[in-house]
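Note sheet for the following structure.
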Amino acid sequence: MHRSHNCGELSESNLNQEVTLAGWVQKIRNKGFIAWVDLRDRYGITQLVFDETRTPKAVFKKSTGIGREDVIQVKGLVIERESKNLNIPSGGIEILVSELSILNHSETPPFTIENETDGGDELRMKYRYLDLRRNKVKENLILRHRVSMIVRNFLSQADFIDIETPYLIKSTPEGARDFIVPSRMNNGQFYALPQSPQTFKQLLMVGGFDKYFQIVKCFRDEDLRADRQPEFTQIDCEMSFVEQKDVLSLFEELIQHLFQEIKGIKLNEFPRISYAKAMEKYGSDKPDIRFGMTFGKLNEIAKGKGFNVFDSQELIIGIAVPGGANYTRKEIDNWIDWVKRPQVGAKGLIWVRCNEDGSYKSSVDNFFNQQDLAEWSKKTNAHAGDLIFVMAGDSQNAQTQLSALRIEIAEQMGLRKSNEYAGLWVTDFPLLAWDEDSKRYHAMHHPFTAPKNEHLDWLTSTPEKVLANAYDLVLNGNEIGGGSIRIHDTQLQEQMFSLLGFTKKQAKDQFGFLMNAFQYGAPPHGGIALGLDRLVALLGGSETIKDFIAFPKNNNGRDVMIDAPSKVSDDNLEELYLKSLPKKSS
Ligand code: ASP
């Protein structure tokens, strides 16, 4: 028997028991005649004592040979500790060791296995198996397990069936590049790894499964942005005979249930706002609604007053910074510099101080009188003591830039509290987005998303005006999920492909299987996918998804531990018919 107990469960109630423990050596405090060793396993830490007078001589001698991270097994007596550690359950006892076996020696680890480690990111990634021994990382993975169990139970109880879909498939577009896998058995042919199980889950609805879910890996070959992973996990769901409101209410309930179970927090009902409103009020389709500072549109009252910068612009918007009237000029200038950085890219900012006495002082006093500025303050909901920042530009840029400013100010003012959560649904996205480079429409969600019924006629006349039956779930400014009601009619699906620039043949080659299936009684259906990595990170009070993935890739998409991706042998290439591919000349 390797162990009778684990390292987290012994307490005063076990005094005088003979126990066997096994684990890793966390720490050794050696006074020569007596040594204490912290023994660690997944469950906790128990202190061992080796004492010249009380421990058998041979065992005491052997104990001098153990080092950090060695794997040992001990037998001994549970005794009361002299100086108790009240922070851990086993802190009142220690084990007076009578037998010791060293099961395996460890090299000195490249960083300390402590909560506050001295190891940098890259080093910890390279030795991820050691990083996993650290409490923080361990707790994150246990949290992930709990979340996924709660999700499974919730969905299973709601009659969803967990069905696996294949990984070696044909492209399923979600707006990214596919990872491609060459087929050895089919000369010159390739599989794609799924960007999502989208088409398969729709086929499951045609197959009559009515409610499906899967916690599933998805693969997207995107240029990596910070905290994006090329492979990530989705809670993927699909339902038949539903409308948008059915999907939203069920998944809102799931998120609320998760927060209740994991954090004991009761979330408020999620407001539902349209994409257009979200852009107008927050300049973002994933707004953080934990704080105000919503946008006020100033076009009507700020144009035509002789201030050229405004007159020539499409959109003039402002936000009120609570208590900002007492920012010094230097502080205001810092914010102006902040928005001018290339990452934000604004040309500048106009400001208005709303003084306590009801007067205004602004950077544009030459053009706007007190009356004008009072109007601005009304539109931006500013109060005496606030500061108004105004951004002007073409609609998209002005909105994105002011949104970035809004978030950063809130961050610095401590308004984005990590223990406060607010969810919302963003609905009514445009169906299509025009891409100037390729001169064609792209599906804003994906090509299987249904247009709003009342907009069907516009598909031929003014496609850019068509809104989709699509929705995103946003939590604290993070998009944690999205989905849509789907097209379930062959003709409409064909029309959609043609709008997206597919020829009939291309559509048939790529998605013939789906359109065929739609001819055999496809039920109306819709669904959603939630990003598990981000959801767990948010529940863990962090925004870094890497910390919640057992073996993540770095920002270049590399696994530095196993050193992947890597070259393969010429033989391999030959087998896969890739050897003779002409080299691109540079
Ligand atoms: N397949 C979609 C995605 O991965 C989600 C959905 O529409 O259900 O974003």
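One table, with the values for the structure above:
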read-out: Set of lysines with alpha-carbon distance to K138 below 23 Å, sequence-local pairs under 8 removed; value: K27, K126, K217, K263, K546, K553
read-out: Estimated Rh, the range 125-181: Kirkwood, alpha-carbon pairs, angstrom; value: 15.1
read-out: S98-E575 pseudo-label distance in nm [points 7 Å out on the Cα-to-Cβ vector]; value: 5.7
read-out: Charged-residue dipole, Cβ positions (Lys, Arg, Asp, Glu), the range 61-203 about Cα centre, Debye nearest 20; value: 260
read-out: Rg/Rg_ref, the range 155-207, where Rg_ref = 2.2 N^0.38 Å and atoms are Cα; value: 1.39
read-out: For D337, D236, order by how many other beta-carbon atoms lie within 10 Å, fewest first; value: D337, D236
read-out: Length-normalised contact order for the range 93-187 - Cα pairs under 8 Å, 6+ apart - percent; value: 13
read-out: With 10 Å bins from 0: P(r) over the range 21-133, alpha-carbon pairs, percent; value: 14, 45, 31, 10, 1
read-out: Whole-number Å³ per residue for the convex hull built on Cα positions in the chain; value: 241
read-out: Contour minus Cα-Cα distance for Q396 and H2 (0.36 nm per residue); value: 135.5 nm
read-out: Compactness of the range 410-449 as Cα Rg over 2.2 N^0.38 Å, two decimals; value: 1.93
read-out: For the range 429-488: span of alpha carbons on each principal axis (Å, largest first); value: 37, 29, 18
read-out: Mean projection area, nm², convex hull over Cα of the range 53-193; value: 16.7
read-out: Too-long pairs where the Cα-Cα distance tops 24 Å, listed order kept, from K211/K277; K170/K286; K245/K465; value: K211/K277; K170/K286
read-out: Positive-end residue, the range 140-240 charge dipole about Cα centroid, Cβ charges, pick of T199, S183, S240; value: S183
read-out: Gain on full stretching of the segment that runs from S359 to E122 - 0.36 nm per residue minus C-alpha separation; value: 79.9 nm
read-out: Cα gyration tensor, the range 207-331 - rounded (a/c under 1.5), prolate or oblate; value: prolate
read-out: Restricting the range 403-480 to trypsin sites (Lys or Arg not before Pro) in coil, as DSSP defines it, with at most 15 other Cβ within 10 Å; value: K417, K439
read-out: Protection-proxy order for peptides 441-451, 186-196, each taking the mean of Cβ atoms within 10 Å per residue, highest first; value: 441-451, 186-196
read-out: Selected from G527, G483, L500, residue furthest toward positive end of dipole (the range 478-533; charges at beta carbon); value: L500
read-out: Kirkwood-Stokes translational diffusion coefficient of the range 359-448, alpha-carbon pairs, 4 °C, 1.567 mPa s, µm²/s; value: 76
read-out: Per-pair calculated FRET efficiency, R0 = 35 Å: R228 and I88 via Cβ, rounded to 0.05; value: 0.40
read-out: Footprinting exposure proxy for Y275, Y577 (fewest neighbouring C-beta atoms within 10 Å first); value: Y577, Y275
read-out: Average projection area in nm² (convex hull over Cα atoms of the range 383-511, one quarter of hull surface); value: 11.4
read-out: Footprinting exposure proxy for D41, D51 (fewest neighbouring C-beta atoms within 10 Å first); value: D51, D41
read-out: The chain, helix-only ellipticity at 222 nm - DSSP H runs n ≥ 4, -39,500 (n - 2.57), divided by all residues, nearest 500; value: -8500 deg cm²/dmol
read-out: Over the range 443-586, volume per residue of the alpha carbon convex hull, in Å³; value: 234
read-out: Reach of K361 by Cα under 24 Å, taken over lysines that are not fewer than 8 positions away in the same chain; value: K297, K303, K305, K330, K340, K347, K378, K379
read-out: Net dipole in debye of the chain [+1 Lys, Arg Cβ; -1 Asp, Glu Cβ; about Cα centre; nearest 20]; value: 860
read-out: Value of Rg/Rh across the range 84-145 [Cα atoms, Kirkwood radius]; value: 1.06
read-out: Nearest-20 debye value, the range 533-581 charge dipole, Cβ charges on Lys, Arg, Asp, Glu; value: 240
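A short reminder: the numbers here are calculations on the coordinates, not readings from a lab. What you are looking at is a predicted structure, and each value in this text was computed from that prediction instead of being measured. Positions of Cβ are backbone-derived with ideal geometry, glycine not excepted, and every protein chain shown enters the neighbour counts.
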